[in-house]
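Written out below as structure tokens is the structure these notes cover.
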Amino acid sequence: MHGLLHERGQNRLVETLGDLGINDVFVLDAFRRVPRHLFVDPAVADSAYTDVTLPLGFQQTLSQPSVVARMLELLRGGRQLGRVLEVGAGSGFQTALLGHLSEQVFAIERIAPLATEARKRMDSLELENVVIRHGDGLLGWPEFGPFDGIILAACPESVPDALFAQLADAGRLIAPVGLGQKQQLILYIREGETVQEIPLDTAFFVPALAGLE
């Protein structure tokens with residue numbers, strides 16, 4: 001019974017995303033394939049398929065599905081993604097979506113228990129093209145770069161140069177940027193030696209912190 005309810009919830013969520021203007025069929029299909037309720041605390045699992053932010057513990061949150069979908073749609077830009085870097089894996093929900101949208105995903109999470117649980121979820125979903133590391137995501141993962149796409153799930157004051165250095169030519173980086181309540185989602189596109197900056201929506205993310213927990 002629960003399985004049927006969750007399936008219905010997934011279908012409703014995908015319909016909601018379409019109504020909100022998400023047009024990328026690959027992104028919508030990924031949402032159909034990744035069960036969001038597996039990535040939240042059982043106490044809030046009933047809200048897994050509503051378009052709301054949910055708590056993860058450790059002062060972290062799971063972003064609204066519509067925000068995640070928009071960021072993924074912009075990251076893809078209608079392209080097939082090869083290697084992708086995710087900064088801030090959290091519980092692994094966006095990581096799993098990226099696993100269906102990319103050839104390889106390299107995800108970094110600074111909070112050790114979250115990284116451990118996210119790895120377990122990737123194993124249970126048999127996403128063998130995803131690697132999750134406990135580390136400082138603001139440093140990136142240079143040994144596996146350059147990346148076709150880089151996505152930040154937390155908000156730095158500005159994007160570190162280390163991440164731009166790991167962005168492939170024609171690659172896209174999407175991140176919330178700013179301080180406190182003054183955050184903005186920004187899309188960066190590398191064009192040779194220059195990086196184009198495209199400001200987008202107002203954003204509300206937890207701050208991106210350096211170091212490990």
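The values are calculated or read from the model by the stated rules, or taken from the named source; none is laboratory data. These numbers were taken from a predicted model, which means no experiment stands behind them. Neighbour counts run over all protein chains shown; Cβ positions are idealised from the backbone, glycine included. Please note that ligands, DNA and RNA were not included when accessible areas were found on the heavy atoms of the full protein model with its side chains. Shrake-Rupley method; radii C 1.70, N 1.55, O 1.52, S 1.80 Å.
Observations, loosely collected:
Here's the yes/no breakdown for (1) under 12 Å from the mean Cα position of the chain (by Cα); (2) open to solvent by 20 Å² or more (accessible area, probe 1.4 Å); (3) of a type outside the set (Val, Ile, Thr); (4) under 17 Å from Asp41 (Cβ atoms):
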position	(1), (2), (3), (4)
Ser63	yes, yes, yes, yes
Val68	yes, no, no, no
Leu72	yes, no, yes, no
Leu81	no, no, yes, no
Ala89	yes, no, yes, yes
Phe93	yes, no, yes, yes
Gln104	no, yes, yes, no
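- Residues in segment 7-44 that are assigned to a helix (DSSP H, G or I), open to solvent by 40 Å² or more (accessible area, probe 1.4 Å) and over 23 Å from Pro113 (Cβ atoms): Glu7, Arg8, Asn11, Arg12, Glu15, Thr16, Asp19, Val25, Phe26, Asp29, Arg32, Arg33.
- Search result, residues across segment 173-194 that are over 23 Å from Trp141 (Cβ atoms) and surrounded by 12 or more Cβ atoms within 10 Å (Cβ to Cβ): Gly178, Gln183, Gln184
- Each residue in segment 27-80 was checked for being under 12 Å from Leu97 (Cα atoms), of a type in the set (Gly, Ala, Ser) and either out of contact with any Gly (no Cβ under 9 Å at 6 or more places or on another chain) or modelled with pLDDT under 90 (or both), and 1 of them qualify.
- Every residue from segment 45-56 that is surrounded by 15 or more Cβ atoms within 10 Å (Cβ to Cβ) and either basic (Lys, Arg) or in a helix (DSSP H, G or I) (or both): Ala45, Ser47
- Residue within segment 57-67 that is under 29 Å from Gly145 (Cβ atoms), assigned to a helix (DSSP H, G or I) and of a type in the set (A, V, I, L, M) present: yes
- Scanning segment 195-213 for residues that are open to solvent by less than 80 Å² (accessible area, probe 1.4 Å) and free of Cβ contacts under 8 Å to residues at least 24 places away in the same chain yields Gln196, Ile198, Pro199.
- When restricted to residues that are touching a Leu at 6+ places or on another chain (Cβ under 6 Å), without any contact (Cβ under 8 Å) to a residue 60 or more places away in the chain and crowded, with 16+ Cβ neighbours inside 10 Å, segment 147-172 contains 2.
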